[in-house]
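Structure, as structure tokens:
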Amino acid sequence: DGCRILGEGDVFDAVICDFRMPDLEGDGVYDYVAAKRPELAGRFLLVTGDTSAGPAHEWLRRTGTPTLAKPFQGQQLLDAVNSLLA
């Protein structure tokens, strides 16, 4: 379980998470990480194909969490991660 692993205190350079998942959506994972490991909140990247409207759009606007729209190329992912780590 990703939240358990992230909450255990291991070192991570970045967290890449899908926004739409069956059991816990990306905003829930982010909120959990931000509460348990606030140092990771600024290194969180959500990948998604669905943020143009509704609650997801509002949450992203409010938090400013970086996103990468699907589909994406490998270089786009590398660029997004490098931007997080800069």
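Just a few scattered comments:
- Efficiency of FRET from Cβ geometry, D13 and Q76, R₀ 22 Å, rounded to 0.05: 0.80
- Rounded to the nearest 20 debye, the dipole size of the chain about its Cα centre is 200 debye, using +1 on the Cβ of Lys and Arg and -1 on the Cβ of Asp and Glu.
- Coarse-grained scattering of the chain at q = 0.23, 0.25 Å⁻¹, given as base-10 log I(q)/I(0) from a Debye sum over alpha-carbon atoms: -1.24, -1.40
- Helix-derived mean residue ellipticity, 222 nm - over the chain, DSSP H n ≥ 4, -39500 (n - 2.57), to 500: -14000 deg cm²/dmol
Taken together, the values in this text are just the output of simple stated rules run on the coordinates, not laboratory data. Since this is a predicted model, take the numbers as computed values, not measurements. Ideal geometry is used to build each Cβ from the backbone, glycine not excepted, and the neighbour counts take in all protein chains shown.
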